[in-house]
Every structure is written in C-alpha cells, then in structure tokens.
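The structure under discussion appears below in the form of structure tokens.
The values are calculated or read from the model by the stated rules, or taken from the named source; none is laboratory data. Just so you know, these numbers come straight off a predicted model, no measurement behind them. Accessible surface is based on the protein model in full, side chains and every heavy atom, while ligands, DNA and RNA are left aside. Shrake-Rupley method; radii C 1.70, N 1.55, O 1.52, S 1.80 Å.
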Amino acid sequence: MLPNISKFTLRTDLELLKKFHLTAKDNARSANREIEVLMRKHVAEFEKEHGKIEFD
C-alpha cells in the first residue's frame with residue numbers, strides 16, 4: 001500500500017450509498033474516486049473563501 005494513502009470508514013444510509021454508486025458510475029469513477037474528487041472540490045472552495053490550509 002502507498003505510504004500517503006489513508007483508510008476512512010463512512011457510515012451512511014444504504015439508499016444514499018446505492019444512489020452515490022450510480023452517480024459515480026455515471027462519472028466513470030469508483031465510489032472511492034468520486035468521494036476523493038468531491039473532497040478535493042470542497043477543500044478548494046473552502047480555501048478559496050478562507051485561505052490556504054497549512055499544517056506545521
């Protein structure tokens with residue numbers, strides 16, 4: 001496994017998860033990749049409004 005990859009467990013409603021899998025498939029992505037794309041967009045929007053997030 002790559003050293004910079006983290007695992008994350010998500011608990012959610014089964015119907016929502018099924019719908020999410022369909023939307024990911026429509027975008028030619030796995031559900032995991034779709035979550036990553038959405039997270040990157042969300043963080044980019046946040047940083048645009050609040051400034052770059054930096055860690056020490």
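Taking the range 1-15 on its own, how many of its residues are open to solvent by less than 100 Å² (accessible area, probe 1.4 Å) and either among the hydrophobic types (A, V, I, L, M, F, W, C) or assigned to a helix (DSSP H, G or I) (or both)?
Within the range 1-15, residues that are open to solvent by less than 100 Å² (accessible area, probe 1.4 Å) and either among the hydrophobic types (A, V, I, L, M, F, W, C) or assigned to a helix (DSSP H, G or I) (or both) number 1.
Identify the residue in the range 24-40 that is assigned to a helix (DSSP H, G or I) and more than 29 Å from ILE53 (Cα to Cα) and, among all such residues, is most open to solvent (accessible area, probe 1.4 Å).
Here the residue is LYS25.
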